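Encoded as C-alpha cells, the structure appears first; notes follow it.
The values are calculated or read from the model by the stated rules, or taken from the named source; none is laboratory data. Since we're looking at a predicted model, the values are computed, not measured. Cβ: placed from backbone, ideal geometry, glycine included. Neighbour counts: every protein chain shown.
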C-alpha cells in the first residue's frame, strides 16, 4: 500500500523499530531518546559505515555476548540471531580478533567478513552515544 501511495507523488511518514522496514524508505531519520542521530538515505547511511565488520559464529552466541560485555570489545559486539556482529574498530583484522577472542575464553567456530546493514549503523551510533566516542560510521 505504501509503495502505491508513494508512486502517486505523495509523501508517507513511517515510524518503525524495524531497520529492515526502514531500509525500504527513501529517507531515514535514526532517533534515540528523542535525539536525531542521523538523517539520510539508507544507502548513504550504510555506505558511511567504514569499519570492517565480521560475523562471529560461536557455540553459544548469547553466552559469548555476555562474556564479551566484560571486555574492551563490549561496545564492538552485537547479538544478531544465531551469530554476533563484531565491528573491528581497531582495524586489527580477523586473525588478530580471533586471537583476542580466544584469550577471553571465547570458542570461535568461524569469523567472516560481513556487509553492514542499517541496523549495524544504528547500533554503532547508539554505542558512540553511550561511550562518548566517534561512531564507526
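For segment 54-63, which residues satisfy the criterion of being out of contact with any strand residue (DSSP E or B) (no Cβ under 6 Å at 6 or more places or on another chain) and either assigned to a helix (DSSP H, G or I) or touching a residue at least 24 places away in the same chain (Cβ under 8 Å) (or both)? 58, 59, 62, 63 - these are the residues of segment 54-63 that are out of contact with any strand residue (DSSP E or B) (no Cβ under 6 Å at 6 or more places or on another chain) and either assigned to a helix (DSSP H, G or I) or touching a residue at least 24 places away in the same chain (Cβ under 8 Å) (or both). Criterion applied to 72, 10 was being part of a loop (DSSP other than H, G, I, E, B) and within 30 Å of residue 102 (Cα to Cα), and the one residue passing it is 72.
Taking the stated definitions as given, is residue 46 surrounded by 14 or more Cβ atoms within 10 Å (Cβ to Cβ) and modelled with pLDDT under 95? For residue 46, the condition - surrounded by 14 or more Cβ atoms within 10 Å (Cβ to Cβ) and modelled with pLDDT under 95 - is not met. Identify, by number, the condition in (1) over 27 Å from residue 41 (Cα atoms); (2) modelled with pLDDT under 95; (3) touching a strand residue (DSSP E or B) at 6+ places or on another chain (Cβ under 9 Å) that residue 129 doesn't meet. Looking at each condition in turn, residue 129 falls short on (1).
Taking segment 18-40 as the range and being free of Cβ contacts under 8 Å to residues at least 40 places away in the same chain, under 27 Å from residue 112 (Cα atoms) and either touching a helix residue (DSSP H, G or I) at 6+ places or on another chain (Cβ under 7 Å) or not in a helix (DSSP H, G or I) (or both) as the test, the residues that pass are 18, 24.
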